[in-house]
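Bear in mind these aren't lab numbers, they're just calculated from the coordinates by the rules spelled out. As the structure is a prediction and not an experimental result, all values here were calculated from the model. Here the Cβ is made from the backbone with ideal geometry for all residues, glycine too, and neighbour counts use every protein chain on show.
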Ligand code: HAM
């Protein structure tokens, strides 16, 4: 029997990797502009990090986490997200003691045992930022501005995007809000799905992000978290919104937005795209002012977001594919089987590569027409070398974009500057 990839885990093939690299480079550049520095944390963490940080009652931990004991019986988890890991690393390395704000960014695979569908897989890749050490509402707005700048920079049209925002307040506000929700949903249990009936006793806020159609009418009529905010949290949220207005970032207040992870406090947000269907969140984030303490550290406010690379690829693939498809500068097509032609072709290739040009050759002996089609898919230029060209000490150069052809002296390949000039002209 053939062995396949694990369900929900996908190979990213060479046709797609240029797009991934392009996105990663653009995202890195945007993060750098906003003052973030890269951190890389392990894929494996103790399961306890997530049960304490993300929350035992969340779907992410309760249903979706890959957990297994190591050889000594220590319970490990494949990380389902990176915020808890980043805060763990921040505490473990005493980054707080170094003073100031820690602005960190990351890329990497995350793992959740979810039902695979469009935009949702079991191994997926996130890019994200975490700013640790400040309560300033300007930082919430800055993080949202970064998310918005990022999608602009990547060329996503603004019309299809919307920013949802809400505030769920501090721990006391949330306790009050949970009570309000419990009082509201208790008499309406018959209107809820079985998962939500469980959530009612564990954490009624989780009911608000249930997507089950039966639960929607009750969810829409439920009390709003913004009505339970204390004075300080209310003022914080008003300032975040005022900053967004000053930055010219349109938003939608979404009272059902509570996000699927328990560490959030105050601001929560998502940037969604209408091109994505049911899993429409391009990225999501918010504040988590109590997470560091939940992990045993000193009080350290934080705010950040993460987005799924796969979802960006889905919305950008068609837009960018053509521009990114050709990774080679030159595709060399030897004509015929004459050993001297093949040897000269191999020599030309070696010179091109040493001159810093990505070059490859037709090794399969396909017809001129077929090989030229392959060249057009992979490279910007084709070079043709047959016995006639060799006798004249020339190769034929073809610009695969414009179709322009010219003869070039084989001797020119000994001089990299000449080569570069030749290819710049086409
Ligand atoms: P999250 O909303 O669970 O938040 O995930 C963030 C993003 O990751 C989602 O908006 C989505 O684009 C992508 N994503 C999540 N699950 C999947 C999946 N199964 N398949 C494909 N893409 C997926 C967090 O993870 C928080 N750590 C974000 C954060 C950072 N909050 C504060 N700082």
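When the Gaussian network model of the chain links Cα atoms closer than 10 Å, the mean-square fluctuations of 47, 138, 371 top out at 371. Estimated from the Cβ-Cβ distance and a Förster radius of 30 angstrom, the FRET efficiency linking residue 212 and residue 15 is about 0.20. With a simple spin-label model that places each label point 7 Å from the Cα along the Cα-to-Cβ direction, the separation between residue 162 and residue 43 comes to 3.7 nm.
Pop the C-beta distance of residue 171 and residue 377 into the FRET formula with R0 = 56 Å and round what comes out to the nearest 0.05.
Numbers: r = 57 Å, r/R0 = 1.02.
Step by step, r from the Cβ atoms, then E = 0.50.
As an exercise, use a Förster radius of 45 Å and the Cβ-Cβ distance of residue 118 and residue 97 to find the FRET efficiency, rounded to the nearest 0.05. Before the final figure, lay out the partial values.
Values: r = 45 Å, r/R0 = 1.00.
Here the calculated transfer efficiency is 0.50.
Residues considered: 287, 415, 326. Largest GNM mean-square fluctuation over the chain, using C-alpha springs under 10 Å, is found at 415.
Here the Gaussian network model covers the chain, with springs between Cα atoms less than 10 Å apart; of 301, 18, 187, 187 fluctuates the most. Compute the long axis of helix 339-354 from its Cα atoms, compare it with the longest principal axis of the Cα atoms of the chain, and write down the angle in degrees, 0 to 90, nearest 10. Around 40 degrees separate the two axes. Structural descriptor for the chain: relative contact order 15 percent, calculated from alpha carbon pairs under 8 angstrom and at least 6 residues apart.
Taking label positions 7 Å along the Cα-Cβ direction at both residue 194 and residue 402, the computed distance is 6.8 nm, reported to one decimal. Taken over region 320-370, the alpha-carbon convex hull comes to 74 cubic angstrom per residue.
Between 0 and 90 degrees, the angle of helix 17-33 with respect to the longest Cα principal axis of the chain falls at about 60 degrees. Relative to the dominant Cα principal axis of the chain, helix 231-247 is inclined by about 30°. Listed by Cβ neighbour count within 10 Å, with the fewest neighbours leading, 111, 184, 269 appear as 184, 111, 269.
Footprinting exposure proxy ranking of 233, 210, fewest other C-beta atoms within 10 angstrom first, gives 210, 233.
Report, in deg cm²/dmol and to the nearest 500, the calculated mean residue ellipticity at 222 nm for the chain, where each DSSP H run with n ≥ 4 adds -39500 (n - 2.57) and the sum is divided by the residue count.
Numbers: 15 runs with 162 residues, N = 426.
Calculated at 222 nm, the ellipticity per residue is -11500 deg cm²/dmol.
One chain, two ends: residue 24 and residue 238. Fully extended at 0.36 nm per residue, the span grows by 73.7 nm beyond their Cα-Cα distance.
In cubic angstrom, how much convex hull volume per residue do the alpha carbon atoms of region 328-425 span? It would help to have the intermediate numbers written out before the result.
Values: hull volume 8.2 nm³, N = 98.
Cα-based convex hull of region 328-425, divided per residue, equals 84 Å³.
How would 214, 83, 41 line up from fewest to most surrounding beta-carbon atoms within 10 angstrom?
214, 41, 83
Once a ≥ b ≥ c are taken as the square roots of the eigenvalues of the Cα gyration tensor of the chain, is the result rounded (a/c under 1.5), prolate (a/b larger than b/c) or oblate (a/b not larger than b/c)?
prolate
If you take the square roots of the eigenvalues of the alpha-carbon gyration tensor of region 1-143 and sort them as a ≥ b ≥ c, do you get rounded (a/c under 1.5), prolate (a/b over b/c) or oblate? Here region 1-143 falls in the oblate category.
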